[in-house]
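I have placed the structure first, in the form of structure tokens, so that the comments after it can refer back to it.
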Amino acid sequence: MTDSPSFVTMPSHVRGLDFGHAVVLVNYRNGQVSTLPPSAGLALRHSAEFGSARNLPEPLLKSLLTAGLLLAADRPRPWHNVRTVEAPRASWGSEEFRAGLTPPVPVPRTRTLAAAAALSVVHAVKATGPAHEAMGRVLKLVHSVSTAGRTPATTREAEQSVHAVRSAGWYSPGRTNCLEESAASMLLLRLSGRRAVWRHGVAPDPIRLHAWIETVDGGPVAESTSVGLFTAILSIPGAHHVR
């Protein structure tokens, strides 16, 4: 790579967590996730501190630039998109996790219909526009509804919204995973003048991603205890949300 840049920076829509044994990078514009080995993580930390490409091996640099996870810069611009966190002791796959489909908690029919409408909006936002920018569009929707609600939702109100969306998603023909579910829950709360916090996080053992909502005081809503294994990498609203 003869034209390698001397300086690089990480765009604001890319976030990362360094667990020590692996670095996970998430592109919140196109939804792409990249996992780097410890050696690459060390090189990335040096690059972040000085804004220099000097410590990045050429194949890694080329790969990160091609994927849009790094951008060439005209001068040293240190960046802080990647946070170092302490990973829990490796379980080697021995931890227990819920498997299979769990029927949703019953909710009033009118609430389910409202949730179905919210879920339809999320699916429409995902489908309207280039596929590689779908996640970015959903996050813009989440941000718009997160700043509009005036009253913080109580735990009960937030749980009712999540359960209603899960009930609607149970019968939905479209893909309804945690991203769509959490975004629709935020929208449904907004329709009743309530607000909550949307979070997206990474668990390190094994590496996996999850989106969920929390009450304003920080309580996960309608989640199993395993949500505690996830470190939030992005929060909306938050001090450094992706626009």
Hits in the range 15-74 (condition: assigned to a helix (DSSP H, G or I) and among the charged types (D, E, K, R)): R45, E49, E58, K62
Residues that are part of a loop (DSSP other than H, G, I, E, B), crowded, with 16+ Cβ neighbours inside 10 Å and modelled with pLDDT of 85 or more, drawn from the range 77-112: W79, N81
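Among the residues in the range 157-175, are any surrounded by fewer than 16 Cβ atoms within 10 Å (Cβ to Cβ), closer than 30 Å to P37 by Cα and without any contact (Cβ under 8 Å) to a residue 24 or more places away in the chain?
Just the residues of the range 157-175 that are surrounded by fewer than 16 Cβ atoms within 10 Å (Cβ to Cβ), to begin with: 170-171, 173-175.
When the remaining residues are screened for being closer than 30 Å to P37 by Cα, the result is none.
Taking every residue of the range 157-175 in turn, none turns out to be surrounded by fewer than 16 Cβ atoms within 10 Å (Cβ to Cβ), closer than 30 Å to P37 by Cα and without any contact (Cβ under 8 Å) to a residue 24 or more places away in the chain.
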Which listed residue, of A124, A115, A73, is small (G, A, S), touching a helix residue (DSSP H, G or I) at 6+ places or on another chain (Cβ under 8 Å) and at pLDDT 90 or above: A115
Test: residue in the range 187-202 that is surrounded by fewer than 22 Cβ atoms within 10 Å (Cβ to Cβ), over 18 Å from H143 (Cβ atoms), aliphatic (A, V, I, L, M) and in contact (Cβ under 8 Å) with a residue 24 or more places away in the chain: no
Residue list for the range 115-132, filter: surrounded by 13 or more Cβ atoms within 10 Å (Cβ to Cβ) and either in contact with a His (Cβ under 8 Å, 6 or more places away or on another chain) or of a type in the set (G, A, S) (or both): A115, A116, A117, A118, S120
Selection within the range 18-73 - of a type in the set (A, V, I, L, M) and under 17 Å from R208 (Cβ atoms): A22, V23, V24, L25, V26, V33, L36
Test for D74: is it outside the structural domain of A134 (by TED's automatic domain parsing), touching a strand residue (DSSP E or B) at 6+ places or on another chain (Cβ under 9 Å) and exposed (fewer than 14 other Cβ atoms within 10 Å of the Cβ): yes
Test set (1) surrounded by fewer than 16 Cβ atoms within 10 Å (Cβ to Cβ); (2) in contact with a His (Cβ under 6 Å, 6 or more places away or on another chain); (3) over 22 Å from K140 (Cα atoms) - C178 fails condition number: (3)
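The values are calculated or read from the model by the stated rules, or taken from the named source; none is laboratory data. Quick caveat: nothing in here was measured; it's all calculated off a predicted structure. Cβ coordinates were reconstructed from backbone atoms using ideal geometry, including for glycine residues, and neighbour counts include every protein chain displayed.
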